[in-house]
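These notes concern the structure reproduced below.
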Amino acid sequence: MNTFNPMRRALLRASVLAASFIAAPLAHADALPPDSLYRLSVPLKDSLGRQFDWRALAGRPLLVTMFYGDCNAACPVIIENLRRTVELLKPAPGRLAVLMVSLDPLYDTPDSLAGLAKSHKLDPAIFRLAVAANETHTRALAGALQVKYRAVSNGEINHTTRVCLLDASGKLLAASTQLSPLPDPAFVAQIRLALK
């Protein structure tokens, strides 16, 4: 005869709850279109030290790019371009997000990313600067976004510049490789369409 054991019941409930949290992202992934970049799980930490998976940004258009904090060449231009693009678009609150992921998980930290966001006057309601947990996740995201990069001996990182526009489900709608502080008119037009 089995006797009622409150501890056993509590452990059973906890294991069922844990299983549902594990299954939830998998079920969500099954609901995504086959070409969704959100099928790739990438754990990140943002400039406020909050850990999240980039798939948490699903549900609205997303501009995503990769950069690194110590870059003195292309990255400041990319940041200025994105700042001006958002300023030009004037999206309604909550309608557009910008994710900038570091190519340098060894040296970029939440504190250094926070300083960078502040120095470039990036709106924290729209812009999120983040770093992946490790080089493997950084490479996986770079591959998905078609950003090529390699570290060189002087500590710099050679990389392509590419800003991607994803729809709410993570499908790539458009990309810009323009390296200019001024917004790319064709890319802005694509973002406007995504925001409708």
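The values are calculated or read from the model by the stated rules, or taken from the named source; none is laboratory data. Fair warning: this is a prediction, and the values are worked out from it, not measured in the lab. Counting neighbours? That spans all protein chains shown, and the Cβs are built from the backbone with ideal geometry, glycine included. The area values use the complete protein model at the heavy-atom level, side chains included, leaving out ligands, DNA and RNA. Shrake-Rupley method; radii C 1.70, N 1.55, O 1.52, S 1.80 Å.
Being more than 20 Å from L37 (Cα to Cα) and of a type in the set (A, V, I, L, M) is the filter here; which residues of segment 81-125 pass it?
Across segment 81-125, the qualifying residues are L82, V86, L88, L89, A92, L106, L113, A114, L116, A117, L122, A125.
If you scan segment 125-146, which residues turn out to be hydrophobic (A, V, I, L, M, F, W, C) and closer than 29 Å to A92 by Cβ?
A125, I126, F127, L129, A130, V131, L141, A144, L145 - these are the residues of segment 125-146 that are hydrophobic (A, V, I, L, M, F, W, C) and closer than 29 Å to A92 by Cβ.
Checking A140 against (1) under 17 Å from the mean Cα position of the chain (by Cα); (2) over 25 Å from A31 (Cβ atoms); (3) not charged (D, E, K, R), which test does it fail?
(2)
Looking at L145, is it under 21 Å from L179 (Cβ atoms), in contact with a Cys (Cβ under 8 Å, 6 or more places away or on another chain) and not acidic (D, E)?
yes
Looking at segment 30-87 only, could you name the residues that are touching a helix residue (DSSP H, G or I) at 6+ places or on another chain (Cβ under 8 Å), farther than 26 Å from R150 by Cβ and of a type in the set (A, V, I, L, M, F, W, C)?
Within segment 30-87, L32, L48, A58 meet the criteria.
Here's the yes/no breakdown for (1) modelled with pLDDT of 95 or more; (2) of a type in the set (G, A, S); (3) under 24 Å from A58 (Cα atoms); (4) in contact with a helix residue (DSSP H, G or I) (Cβ under 8 Å, 6 or more places away or on another chain):
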{"position": "A114", "(1), (2), (3), (4)": "yes, yes, yes, no"}
{"position": "K118", "(1), (2), (3), (4)": "yes, no, no, no"}
{"position": "F127", "(1), (2), (3), (4)": "yes, no, yes, yes"}
{"position": "R139", "(1), (2), (3), (4)": "yes, no, yes, no"}
{"position": "A151", "(1), (2), (3), (4)": "no, yes, no, no"}
{"position": "I157", "(1), (2), (3), (4)": "no, no, no, no"}
{"position": "S169", "(1), (2), (3), (4)": "yes, yes, yes, yes"}
{"position": "S176", "(1), (2), (3), (4)": "yes, yes, yes, yes"}
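Could you check how many residues of segment 79-125 are within 26 Å of A186 (Cα to Cα), assigned to a helix (DSSP H, G or I) and either of a type in the set (S, T, N, Q) or open to solvent by less than 10 Å² (accessible area, probe 1.4 Å) (or both)?
The qualifying residues number 4.
May I ask you to list the residues in segment 28-48 that are open to solvent by less than 40 Å² (accessible area, probe 1.4 Å) and assigned to a loop (DSSP other than H, G, I, E, B)?
L32, P33, S36, V42, S47
Any residue that is under 18 Å from A174 (Cα atoms) and either within 17 Å of the chain's Cα centre (by Cα) or open to solvent by 20 Å² or more (accessible area, probe 1.4 Å) (or both) - is there at least one of those in segment 49-57?
Yes - at least one qualifying residue is present in segment 49-57.
Report, by residue number, each residue of segment 82-116 that is small (G, A, S) and at positive phi.
G94
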